[in-house]
1. Within the bounds of region 94-102, is there any residue that is within 15 Å of the ligand (Cβ to nearest atom) and touching a helix residue (DSSP H, G or I) at 6+ places or on another chain (Cβ under 9 Å)?
2. Only one of these conditions is not met by VAL5: (1) away from the ligand (no atom under 16 Å from the Cβ); (2) surrounded by fewer than 18 Cβ atoms within 10 Å (Cβ to Cβ); (3) within 15 Å of the chain's Cα centre (by Cα). Which number is it?
3. So for region 92-106 (the condition being within 24 Å of TYR38 (Cα to Cα) and small (Gly, Ala, Ser)), does at least one residue qualify?
4. Out of all the residues in region 80-118, which are assigned to a loop (DSSP other than H, G, I, E, B) and surrounded by fewer than 19 Cβ atoms within 10 Å (Cβ to Cβ)?
5. Filter region 46-69 down to the residues that are polar (S, T, N, Q) and farther than 17 Å from HIS132 by Cα and list them by number.
6. Can you tell me which condition VAL28 does not meet? The list is (1) hydrophobic (A, V, I, L, M, F, W, C); (2) touching a His at 6+ places or on another chain (Cβ under 8 Å); (3) in a loop (DSSP other than H, G, I, E, B), and all the others hold.
7. With ARG105, ARG138, ARG51 as the choices, which residue is touching a residue at least 24 places away in the same chain (Cβ under 8 Å), within 15 Å of the ligand (Cβ to nearest atom), under 26 Å from LYS180 (Cα atoms) and charged (D, E, K, R)?
8. Return the residues of region 19-38 that are more than 13 Å from the chain's Cα centre (by Cα) and more than 15 Å from LYS159 (Cβ to Cβ); say none if nothing qualifies.
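Since every read-out is calculated from the coordinates, none of them should be taken as a lab result. The structure displayed is predicted, hence computed values, not measured ones. Please note: Cβ atoms are built from the backbone with ideal geometry, for glycine as well, and neighbour counts cover all protein chains shown.
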Amino acid sequence: MKLIVIDPGHGGTDSGAVGNGLKEKDVVLSIALKTDWYLNNYYKVKTIVTRYTDKYLSLQDRSKISNNNNADLFFSVHCNAFNSKPCGYEDYTYTSVSANTTNIRLIFHNKVKEVISKYGINYRGMKTKNLHVLRETRASAILAETLFIDNVHDSNLLKDINFIEDISRAYADGIALALKLEKK
Ligand SMILES: [Zn+2]
């Protein structure tokens, strides 16, 4: 059975981005736990969430959890900031990845795009970056930047339980499609 490591960014003393009454560490924990719930309820899969509570983890702690458990996919959930215009959704893989990882990301991304379109969210595309958790994990690795916490339009969606459910479901379905998980 495939093993997915779901990684809510930040936590504990590290709030991540803050804005409009929200802390990134709380938003991403909620999305990660719902993604975990959807995966386990609808698909035959094993999952590990790097933190189930509001606690601090180093980047090394996160990549170690993935590598020590021989994960098939490492999926990190973040929110963006810096009032960048335009705001919206984007996801990342490492700067050089295998054809398999490229394909996994493309399938995942296209599934998530359905929710991005549904809510009229600005689309920032598929990107690559040299980030620790993408570079140091042996599994295929994707990092999703779930909207801009310091943008009013985006943060209103991050406060909307319907959006949180929809994006979490899309993350789970996207992972399942990409890894060809069997339905329950
Ligand atoms: Zn972050």
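1. Applying the first criterion (within 15 Å of the ligand (Cβ to nearest atom)) to region 94-102 yields none.
Checked region 94-102: no residue is within 15 Å of the ligand (Cβ to nearest atom) and touching a helix residue (DSSP H, G or I) at 6+ places or on another chain (Cβ under 9 Å).
2. (2)
3. Looking through region 92-106, none of the residues is within 24 Å of TYR38 (Cα to Cα) and small (Gly, Ala, Ser).
4. Step one: list which residues in region 80-118 are assigned to a loop (DSSP other than H, G, I, E, B), which gives 81-88, 94-98.
Selection gives PHE82, ASN83, SER84, LYS85, PRO86, THR95, SER96, VAL97, SER98.
5. Residues of region 46-69 that are polar (S, T, N, Q), as a first pass: 47, 50, 53, 58, 60, 63, 66-69.
Residues satisfying the conditions are THR47, THR53, ASN69.
6. (3)
7. Values: ARG105 fails: within 15 Å of the ligand (Cβ to nearest atom); ARG138 fails: within 15 Å of the ligand (Cβ to nearest atom).
Unique residue meeting the criteria: ARG51.
8. The initial filter retains those residues of region 19-38 that are more than 13 Å from the chain's Cα centre (by Cα), namely 19-23, 26, 37-38.
Scanning region 19-38 gives TRP37, TYR38.
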